[in-house]
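The values are calculated or read from the model by the stated rules, or taken from the named source; none is laboratory data. Treat the numbers as computed from the prediction; the structure is a model and nothing was measured. Glycine gets a Cβ as well: all are built from the backbone with ideal geometry, and neighbour counts include every protein chain shown. Accessible surface areas use protein heavy atoms only, side chains included; no ligands, DNA or RNA. Shrake-Rupley method; radii C 1.70, N 1.55, O 1.52, S 1.80 Å.
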Amino acid sequence: MEELSVKSKIIKSVYFSQKDGRLRICFKNGEERLFEGVPSSEAYAMAVAPSPGHYYLDRIRTRFRRLAA
């Protein structure tokens, strides 16, 4: 997995695998979320969004399948 640099109030780090479309989001409160089937365009768009946290809430959380992390 490749680490994507993010500047966010709620997200600590983001990791993305182009091989299988898995996106791991590590939050500053210690929680982690793992999603599958995420296109690279969505992962990179979240990383550079003005608010990666809002992008996650609006575009990632409800659109992609969450795996047990």
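Yes/no matrix, rows are residues, columns are (1) touching a Gly at 6+ places or on another chain (Cβ under 8 Å); (2) polar (S, T, N, Q); (3) open to solvent by 80 Å² or more (accessible area, probe 1.4 Å):
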{"residue": "Lys7", "(1), (2), (3)": "no, no, yes"}
{"residue": "Ser13", "(1), (2), (3)": "no, yes, no"}
{"residue": "Leu34", "(1), (2), (3)": "no, no, no"}
{"residue": "Ala47", "(1), (2), (3)": "no, no, no"}
{"residue": "Gly53", "(1), (2), (3)": "no, no, no"}
{"residue": "Leu57", "(1), (2), (3)": "no, no, no"}
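Selection of first residues in the stretch 15-34 that are on the phi > 0 side of the Ramachandran plot and of second residues that are small (Gly, Ala, Ser) and surrounded by fewer than 17 Cβ atoms within 10 Å (Cβ to Cβ), restricted to Cβ pairs under 7 Å at least 6 apart or on distinct chains, gives the following pairs, ordered by first then second residue: Gly21/Gly37. Here Arg63 fulfils each of the conditions (1) touching a helix residue (DSSP H, G or I) at 6+ places or on another chain (Cβ under 9 Å); (2) among the basic types (Lys, Arg); (3) surrounded by 13 or more Cβ atoms within 10 Å (Cβ to Cβ) apart from (3).
Filtered by the rule that a residue be more than 18 Å from Met1 (Cα to Cα), small (Gly, Ala, Ser) and out of contact with any Phe, Trp or Tyr (no Cβ under 9 Å at 6 or more places or on another chain), the stretch 16-52 gives Gly30, Ser51.
Checking each residue in the stretch 18-38 for being within 11 Å of the chain's Cα centre (by Cα) and not aromatic (Phe, Trp, Tyr) picks out Gly21, Arg22, Leu23, Arg24, Ile25, Cys26, Glu32, Arg33, Leu34, Glu36, Val38.
For the stretch 19-46, the set of residues classified as more than 17 Å from Arg65 (Cβ to Cβ) and either touching a Pro at 6+ places or on another chain (Cβ under 7 Å) or at pLDDT below 95 (or both) is empty.
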